[in-house]
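Below are the structure tokens for one structure; questions will follow.
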Amino acid sequence: MYTNFNKLSKERREAIINAAMTEFAAKGYKGASTNKIIEGVDISKGSLFHYFKNKKQLFVYLLDFAIEQIMTEIELRVDFSERDLFKRVRQMAVIEIELSQRYPTMFRFVEAAYLDQSVEVMIELEERKTSVLFSKKLFDDIDLSLFKEGMDVTRAIKVIWWSLDGLAREISKSATNNRRIDYGQAMIETDELMQFLSETFYRERGQLT
């Protein structure tokens with residue numbers, strides 16, 4: 001279906017993907033402008049619609065592409081036999097940072113897509129909702145005994161997820177305007193936050209790496 005697009009160089013494909021993800025993440029399906037997307041990569045609208053027949057096909061392609069990238073990395077690299085929540089989450093953080101180096105707005109795009117209420121893509125979104133359950137799976141079968149006695153674990157997990165999600169958003173912003181994420185600095189900030197959270201919620205301070 002995407003033969004013409006796949007014939008492009010890797011660099012050209014990534015440039016178009018990033019420009020389109022950025023536009024959809026910021027404005028949603030209905031508000032996104034294909035004119036704005038082509039401005040970001042200096043191609044004609046005719047060329048864009050040579051690769052994708054319309055905006056909807058482009059949106060669905062991006063969503064499928066993002067899901068495949070994220071889920072493949074998770075399945076290959078997250079050790080779900082590790083029951084220490086913070087060690088498991090750190091593995092996910094590494095994946096997110098590395099993917100964000102190539103696709104800075106990928107995670108924001110996926111999040112925005114699943115919150116999108118546009119009628120035009122409602123069926124496609126519903127069909128794909130079961131594909132992105134990595135946040136739930138990430139917290140399955142964790143060792144609850146590591147948490148402090150009397151801790152509301154459900155609430156603690158929400159705070160942990162929100163905190164890490166907020167940090168990920170800040171890190172991804174540094175990759176906008178064609179700048180790459182400083183991987184070393186991003187991991188330092190991630191480890192510092194997780195160390196703080198583990199000291200807050202765990203009985204004993206653990207080694208995360």
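The values are calculated or read from the model by the stated rules, or taken from the named source; none is laboratory data. Predicted model only: the values in this text are computed from it and were never measured. Reconstructed Cβ throughout: ideal geometry from the backbone, glycine too, with neighbour counts over all protein chains shown. Each accessible area value is taken on the protein alone, full model and side chains, heavy atoms only, with ligands, DNA and RNA left out. Shrake-Rupley method; radii C 1.70, N 1.55, O 1.52, S 1.80 Å.
GNM on the chain, C-alpha springs below 10 Å: top fluctuator among ILE97, ILE157, ILE67?
Comparing ILE97, ILE157, ILE67 in a Gaussian network model of the chain, the most mobile one is ILE157.
Moving on to the next point. From the residues ILE43, ALA113, ILE160, which one has its Cα farthest along the dipole of the chain in the positive direction, the dipole being from +1 and -1 charges on Cβ of Lys/Arg and Asp/Glu about the Cα centre?
ILE43
Oh, and also: Is region 77-163 rounded, prolate or oblate when judged by the Cα gyration tensor, a ≥ b ≥ c being the square roots of its eigenvalues, rounded requiring a/c under 1.5 and prolate requiring a/b larger than b/c?
Verdict is prolate for region 77-163.
As an exercise, use a Förster radius of 22 Å and the Cβ-Cβ distance of MET1 and TYR114 to find the FRET efficiency, rounded to the nearest 0.05. Can you show the working numbers first?
Values: r = 23 Å, r/R0 = 1.03.
According to the calculation, E is roughly 0.45.
Enumerate the lysines that LYS7 could reach by cross-link, defined here as Cα to Cα under 17 Å, with residues fewer than 8 away along the same chain left out.
Of all the lysines, those that pass the test against LYS7 - Cα under 17 Å, at least 8 places apart if same chain - are LYS53.
Just from its helices, what would the mean residue ellipticity at 222 nm be for the chain, if runs of 4 or more DSSP H residues each count -39500 (n - 2.57) and the sum is divided by every residue, rounded to the nearest 500 deg cm²/dmol?
Rounded to the nearest 500, it is -21500 deg cm²/dmol.
Can you compute the modelled spin-label distance between LYS45 and GLU204, with each label point 7 Å from Cα toward Cβ, in nm?
6.5
Then there's this: Under the classification rounded if a/c is under 1.5, otherwise prolate if a/b is larger than b/c and oblate if not, where does the chain fall, given a ≥ b ≥ c as square roots of the Cα gyration tensor eigenvalues?
Details: a/c = 2.46, a/b = 1.97, b/c = 1.25.
Because a/c hits 1.5 or more and a/b exceeds b/c, the chain counts as prolate.
Separate question: Taking 0.36 nm per residue of separation and subtracting the Cα-Cα distance, what length does fully extending GLN57 through LYS158 add? Walk me through the numbers on the way to the answer.
Numbers: separation 101, 0.36 × 101 = 36.36 nm, distance 3.44 nm.
Roughly 32.9 nm would be gained on extension.
Can you compute 3J(HN,Hα) from phi for each residue in region 147-161, using the Karplus curve 6.51 cos²θ - 1.76 cosθ + 1.60 with θ = phi - 60°, rounded to whole Hz and x for Gly and Pro?
So the Karplus estimates, Gly and Pro as x, are 6, 4, 4, x, 5, 7, 5, 4, 5, 4, 4, 4, 5, 4, 5 Hz.
Taking one equal scatterer on every alpha-carbon of region 26-127, how large is log10 of I(q)/I(0) by Debye at q = 0.15 1/Å?
So the normalised log intensities work out to -0.73.
Could you state how much accessible area GLU126 has, in square angstrom rounded to the nearest 10, with a 1.4 Å probe and all protein chains kept in place?
110
Can you compute 3J(HN,Hα) from phi for each residue in region 112-117, using the Karplus curve 6.51 cos²θ - 1.76 cosθ + 1.60 with θ = phi - 60°, rounded to whole Hz and x for Gly and Pro?
Computed from phi, the couplings for region 112-117 are 5, 4, 6, 9, 5, 10 Hz.
OK, next. For TYR114, TYR61, what's the largest-to-smallest order of accessible area, 1.4 Å probe? Please list the in-between numbers first.
On the way: TYR114 50, TYR61 25 Å².
Order by accessible area, largest first: TYR114, TYR61.
Taking LYS137 as the anchor, which lysines have their alpha carbon closer than 19 Å to its alpha carbon, excluding any fewer than eight residues away along the same chain?
List returned: LYS87, LYS129, LYS158.
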